[in-house]
Amino acid sequence: MSSLKSFIKSVRAAKTMADERAVIQKESAAIRTSFREDFTDTNLRRQNIAKLLYLFTLGERTHFGQIECLKLLATSRFSDKRLGYLGTMLLLDENQEVLTLVTNSLKNDLNHPNQYVVALALCTLGNIASQEMARDLFTDIEKLVVTQNPYLRKKAALCAMRIIRKVPELEERFVDKAKSLLGDHHHGVLICGMTLVYDLCVEQPNLIPQFRQFIPSLVRQLKSLTTSGYAPEHDVAGISDPFLQVKILRLLRVLGRGDQSATEQMNDILAQIATNTDSSKNVGNSILYEAVLTILDIDADSGLRVLGINILGRFLGNKDNNVKYVGLNTLSKVVELEPNAVQRHRNTILECLHDADISIRRRALDLSFDLINDQNVRVLVRELLVFLETADTEFKANMTVQICVAADKYAPNKRWHIDTVLRVLKLAGNYVSEQIISQFIALVSNTSNMQLYTVQKLYSLLRSDITQEGLTLAGAWVIGEYGDELLRAGTFEDEETTLEVRESDIVQIFEGLLYSTYATQTVQEYVLDALVKLSIRMSDPSQIERIRRLIMSQTTALDVEIQQRAVEYAELFGFDDIRRGVLEKMPAAVIREDRKLQLEKKAIKSVPPVASQPKSETDILLDLMSSGVDDVPQSSVVSPANGDLLSMALGGGNFPSLPTSTSPTNGQMNGKTNGNTSDLLADVFGGSRSTASAQPQANGQQQSINDILGLFSTEASASSASAHVSPPMQISSPTVTQTGLNPPVTNPASGQTYPVYPAYAQNGLTLTLQPIRDGTTPAGVVNVLASFTNTGSIPLSHITFQVAVPKTQHVELRPISKADLAPGESASQAVRVRASVGAQVRLRLRVSFGKGGEEIVEQVLFNQFPADLLAS
């Protein structure tokens, strides 16, 4: 068997992936053989474990060496123990069952006379301890925290911090011992003690009052560090002990939060640090950054806050992009607290829009939108429009939304508002969402004195550019609706050029749009709408006939929507009175405040969610269960005898995907009406929605046929992988309450009750999980209802929920019902887990969402479901 050095050389010398794979497989086989045959040679075992660790760094499978690592722990040689503990930390984690075998070795080594062996055990325990192991060994940690050996005290303090995170109820056992560490004279023990106290205060805020008594001593220590001269032992780039300064500042920030007397004790030292710390090097910048965070987090006076924000402003001029990014990121968080102080650095922030680093540009862009107000809207929007012209493609969609929202919120007058939106449409019309176009149309229809100006501007823009889809859509609608005003005005001045408007010119523009290579299906639909409206706004019979021929040319279009519109519009030409009545000007659109676009902190998703009625938890679970026909047993099908009208009408529940039209329509003159799916199917089946809704559901509750059909059409469009949808199962599902906690669900088949299990409750978001199984659920399958509730006062956006399960299990997720939650709102998401019968359901949850401009990502290990959940 080759040595470790030879093995590494062989792997690196491989010229192809196949050669490397052959070398690794050969060595892995040799290691396995050695483990089986050589039981006593510890040197060979140590060499094999070292090779396994190298294989681990390459991402190879190394599980077969876990027991050998444990054998090394039992030896008396320090070199063997060190390698064994390293292998244990890397090859095992807290979820491995074999980890229980390590507990005895750890307990023995925690009481070993050699301090370095004890340190190895402390490091391993802190990294891989499970809850059971932490409960078994915490008494040994308690003794080591107060031992006379400073080397072990600092190691034990860090280990105590880790096991408290695993088992929070053990915190009371370490509070008094943590207090003693704050007065320790050993540098390493003091830093580790502050780390332990900081973690205790963050995890359990109710402990903060017990540690506020140490604020004066912490302030004295910090003052001593800032005023002391050169100390070679802990000096870094001329700064005395920056690591300890940062630890003290972080602890002061937690202790002073929400307490005025505590704040007064630390104001002077914070001001001294902010004014005297050298910012020419990163060491000084790190201390300044922590000082600024402390100033902004406690109840500091306004002068000190302005000083902190000025420090962040200086960060923006730093050549180091990391420092610049930190400054922008922090200013984004405090702009709402001190808007006037941040406004002083507006020019510097705008300069960051042209930085070479894309992450700097993104943060500067977000901060620029946060700075917009009534006084500076003209200046900032002008700068943002200049940046929009050359911005990266990934920025444009978000910028168009935010510029239009800022214009809607802070516009000094209607003309400026319209000019701003038109500029956006001209520069980035291909990235404009339908919401912006709808808002612009509503603005024009409600501003009668600006309709002529707007239609003239759009006419001029369309003459020169038809490549921007958003501009084309807005121009088609406005010119089609107010083309008569454009014709009555005749000529107008546009950028020192006099334009004369004739009917033939307008028709010529729309003819070019209709046959343009840039014309999408939506553009063609808008153009057809505009042409048929112009047919009653023009007086020249030749142009009206020209319009009719253009519409007739689309009656053979391949797209069904365009073809149907063209056929129906062409028929209207035979009924002039009806055509004039149908195509008269639309009334001014009603602008609803709840429909206005909201200022977004993050980029718009590439595929916006389809607007639909919110689903109940029962609908979501039925969607999940009907996603795979092969997984549904025949006994779960609801028969017509049970009163399921839909299954009887559809003959077993197979339901083809229904095409839905997503193209925009225009008031009374829609060529194709996007009617309710249930109305359409009711007509097909010769029934009505009221008749269907009278059929009782399996759980005894009334539900209209509209809900059922909505369920199937949603499933058909959401799951492109399924050719058909299985019929819904009988489920008794709770409704989401205001607090996000649901009542237990009773299993109708077995009478078993499953409670709601809390899974996550931080940062204003509460997540609960509720298993749901009934008599028709297949064996080894459980459906879980995840309920999200915004319990805070700040809206939450872009909520994303991910679930991971062990390799022996399988998980499926349905889309969340609502990704953005206002305070008090709730949403649901269905999860299906498949496992072997009798297996324990264990989930690793990942929740990410935006809150106040900050992205929060949390991971939770969830194993609270009952062990007999999949017993049958």
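The values are calculated or read from the model by the stated rules, or taken from the named source; none is laboratory data. Quick caveat: nothing in here was measured; it's all calculated off a predicted structure. Using ideal geometry, Cβ is built from the backbone for each residue, glycine included, and neighbour counts are taken over all protein chains shown. Side chains are part of the model used for accessible areas, which takes the heavy atoms of the whole protein and leaves out ligands, DNA and RNA. Shrake-Rupley method; radii C 1.70, N 1.55, O 1.52, S 1.80 Å.
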Scope region 824-849; condition over 23 Å from residue 807 (Cβ atoms), at pLDDT 90 or above and not polar (S, T, N, Q); matching residues:
825, 827, 849
As an exercise: evaluate residue 75 against (1) of a type outside the set (A, V, I, L, M); (2) in a helix (DSSP H, G or I); (3) in contact (Cβ under 8 Å) with a residue 24 or more places away in the chain; (4) surrounded by 14 or more Cβ atoms within 10 Å (Cβ to Cβ) and give the number of the one condition it does not meet.
(2)
Restricting region 101-114 to residues that are of a type outside the set (Ser, Thr, Tyr) and part of a helix (DSSP H, G or I), the residue that is farthest from residue 174 (Cα to Cα)
101
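Counting only residues that are basic (Lys, Arg), give me the helices (runs of 4 or more DSSP H) lying completely in region 380-472 with at least 2 of them. I'd like the intermediate steps shown before the answer.
Values: elements: 393-410, 414-428, 434-445, 451-464.
The qualifying helices (runs of 4 or more DSSP H) are 393-410, 414-428, 451-464.
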Only one of (1) under 34 Å from the mean Cα position of the chain (by Cα); (2) at pLDDT 90 or above; (3) open to solvent by 20 Å² or more (accessible area, probe 1.4 Å) does not apply to residue 197, and that is (3)
If we keep just the residues of region 367-387 that are buried (at least 19 other Cβ atoms within 10 Å of the Cβ) and in contact (Cβ under 8 Å) with a residue 40 or more places away in the chain, which is nearest to residue 469 (Cα to Cα)?
369
Looking at region 353-365, which of its residues are in a helix (DSSP H, G or I), open to solvent by 10 Å² or more (accessible area, probe 1.4 Å) and farther than 13 Å from residue 388 by Cα?
358, 359, 363
Output the qualifying pairs, or none if there are none: Cβ atoms under 7 angstrom, residues six or more apart or on different chains, first residue in region 308-322 and closer than 16 Å to residue 335 by Cα, second residue among the charged types (D, E, K, R) and open to solvent by less than 50 Å² (accessible area, probe 1.4 Å).
309/338; 315/324; 316/324
Show the residue pairs that are 6+ apart or on different chains and have beta-carbon atoms under 6 Å apart, the first residue being within region 458-475 and buried (at least 21 other Cβ atoms within 10 Å of the Cβ), the second being assigned to a helix (DSSP H, G or I) and among the small types (Gly, Ala, Ser).
458/475; 462/475; 468/429; 470/429; 471/429
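Among the residues of region 557-581, what is the count of those that are touching a helix residue (DSSP H, G or I) at 6+ places or on another chain (Cβ under 7 Å) and either within 25 Å of residue 435 (Cα to Cα) or of a type in the set (Ser, Thr, Tyr) (or both)?
Initial filter on region 557-581 (touching a helix residue (DSSP H, G or I) at 6+ places or on another chain (Cβ under 7 Å)): 557, 559, 561-562, 565-566, 569-570, 572-573, 578-579.
Still in the list and also either within 25 Å of residue 435 (Cα to Cα) or of a type in the set (Ser, Thr, Tyr) (or both): 559, 561-562, 565, 569.
Final tally of qualifying residues: 5.
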The lone condition residue 420 fails out of (1) within 23 Å of residue 390 (Cβ to Cβ); (2) open to solvent by 20 Å² or more (accessible area, probe 1.4 Å); (3) in contact with a helix residue (DSSP H, G or I) (Cβ under 8 Å, 6 or more places away or on another chain); (4) not aliphatic (A, V, I, L, M) is (2)
Check every one of the strands (runs of 3 or more DSSP E) wholly within region 783-867 and list those with 1 or more residues that are touching a helix residue (DSSP H, G or I) at 6+ places or on another chain (Cβ under 6 Å) and not basic (Lys, Arg).
826-834
Top-ranked residue of region 518-549 - restricted to ones that are part of a loop (DSSP other than H, G, I, E, B) and open to solvent by 60 Å² or more (accessible area, probe 1.4 Å), ranked as farthest from residue 479 (Cα to Cα):
518
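Please verify whether residue 124 is among the polar types (S, T, N, Q), open to solvent by less than 30 Å² (accessible area, probe 1.4 Å), within 40 Å of the chain's Cα centre (by Cα) and within 26 Å of residue 807 (Cβ to Cβ), treating the condition exactly as stated.
Answer is yes for this residue.
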Among (1) exposed (fewer than 14 other Cβ atoms within 10 Å of the Cβ); (2) in a helix (DSSP H, G or I), residue 49 falls short only on (1)
Within the bounds of region 5-16, is there any residue that is open to solvent by less than 30 Å² (accessible area, probe 1.4 Å), assigned to a loop (DSSP other than H, G, I, E, B) and within 30 Å of residue 107 (Cβ to Cβ)?
no
If residue 138 satisfies every condition in (1) of a type outside the set (D, E, K, R); (2) modelled with pLDDT under 85; (3) under 43 Å from the mean Cα position of the chain (by Cα) but one, which is the exception?
(2)
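Kindly evaluate residue 571 against the criterion of being open to solvent by 50 Å² or more (accessible area, probe 1.4 Å), in a helix (DSSP H, G or I) and either at pLDDT 90 or above or in contact with a Leu (Cβ under 7 Å, 6 or more places away or on another chain) (or both).
Values: open to solvent by 50 Å² or more (accessible area, probe 1.4 Å): yes; in a helix (DSSP H, G or I): yes; either at pLDDT 90 or above or in contact with a Leu (Cβ under 7 Å, 6 or more places away or on another chain) (or both): yes.
Yes.
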With the requirement that a residue be touching a Gly at 6+ places or on another chain (Cβ under 7 Å) and crowded, with 19+ Cβ neighbours inside 10 Å, what does region 808-833 give you?
826
Scan (1) polar (S, T, N, Q); (2) over 30 Å from residue 141 (Cβ atoms); (3) out of contact with any helix residue (DSSP H, G or I) (no Cβ under 8 Å at 6 or more places or on another chain) for the single condition residue 108 breaks and write down its number.
(2)
Which of the residues spanning region 841-864 are open to solvent by 60 Å² or more (accessible area, probe 1.4 Å) and of a type in the set (S, T, N, Q)?
859, 863, 864
Any residue in region 115-126 that is part of a loop (DSSP other than H, G, I, E, B), among the aromatic types (Phe, Trp, Tyr) and touching a helix residue (DSSP H, G or I) at 6+ places or on another chain (Cβ under 8 Å)?
no
Pairs only if they're at least six apart or on different chains, beta carbon under 6 angstrom, first in region 499-513 and in a helix (DSSP H, G or I), second open to solvent by 30 Å² or more (accessible area, probe 1.4 Å); list them, first residue then second.
503/540; 507/546; 513/466
Which of the residues that make up region 139-175 are open to solvent by 50 Å² or more (accessible area, probe 1.4 Å) and either farther than 15 Å from residue 201 by Cβ or not in a helix (DSSP H, G or I) (or both)?
139, 143, 146, 148, 151, 154, 155, 158, 162, 166, 169, 173
All positions within region 1-12 that are more than 15 Å from residue 53 (Cα to Cα) and within 43 Å of the chain's Cα centre (by Cα):
12
What tally of residues in region 17-33 results from selecting those that are surrounded by 15 or more Cβ atoms within 10 Å (Cβ to Cβ) and either of a type in the set (Val, Ile, Thr) or touching a Leu at 6+ places or on another chain (Cβ under 6 Å) (or both)?
3
